[in-house]
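For reference, the structure discussed in these notes is given below.
The numbers here are math on the coordinates, done by the rules we state, and not lab data. Given the structure is predicted, the values throughout are model-derived calculations rather than measurements. Ideal geometry is used to build each Cβ from the backbone, glycine not excepted, and the neighbour counts take in all protein chains shown.
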Amino acid sequence: MKKEICGIAFIFVMAFVLASSSAPMPAQEDKVGFEISHHHVGISVPNVEESIAWYHKMLGFEVVTRMKQQGMTVGHIRRGNCYIELFQVEGAKPLPEYRRDPSADLRVHGLAHMAFQVADVQAAIKELKAKGAEIAMNPVDTPGVAFAFVRDNAGNCFELIQYKKQ
């Protein structure tokens with residue numbers, strides 16, 4: 001049985017290698033002539049100052065800048081190379097209830113969540129629970145990754161993900 005599984009896996013891997021090596025090369029016009037790197041994600045919140053305090057307490061983010069302009073308050077926060085733009089807009093609609101459930105939110109097109117990579121999901125969730133964070137989805141452990149979802153103080157979900165060495 002083990003030999004059959006190994007044989008099937010070998011055939012699958014070889015078929016993938018052959019298929020990918022025979023894939024056509026991208027045309028010259030498909031190449032991009034500039035570099036990009038991720039900078040930030042923007043999150044609409046009901047109260048910027050409360051959200052800044054929450055992200056500082058729970059995840060260690062620090063304020064980069066604050067701005068006020070035409071009915072909007074903005075706070076840029078940072079931890080390492082992770083930036084978040086929190087914005088509070090006068091008259092904004094509250095977060096719809098279904099967006100508080102990470103599984104239901106995946107059933108709607110658009111940006112579903114952001115994720116932070118951690119070394120140990122279980123330890124991170126334990127610490128966040130002790131600080132009073134709301135866990136939207138308890139840790140899920142698979143052979144390759146472990147992940148969990150947390151809600152911020154405004155109900156927005158984000159993922160914590162741990163990639164395991166294989």
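Structural remarks
- For the range 95-166, the antiparallel share of DSSP beta bridges with both residues in that region comes to about 75%.
- Peptide packing: for 49-62, 32-45, the average count of neighbouring Cβ atoms within 10 Å per residue gives the ranking 49-62, 32-45, highest mean first.
- Whole-percent pair-distance distribution, where bins are 5 Å wide, for the alpha carbons of the range 38-92: 5, 22, 33, 24, 11, 4, 0
- Kirkwood Rh (inverse of mean 1/r, distinct Cα pairs), the range 70-166, angstrom: 14.9 Å
- C-alpha center-to-center spacing [the range 64-86, the range 90-163] in angstrom: 21 Å
- Eligible aspartates and glutamates near residue 165 by straight Cα distance, threshold 19 Å, same-chain separation 8 or greater: 120, 141
- All aspartates and glutamates inside 12 Å of residue 126 as judged from Cα atoms, apart from same-chain residues fewer than 8 positions distant: 134
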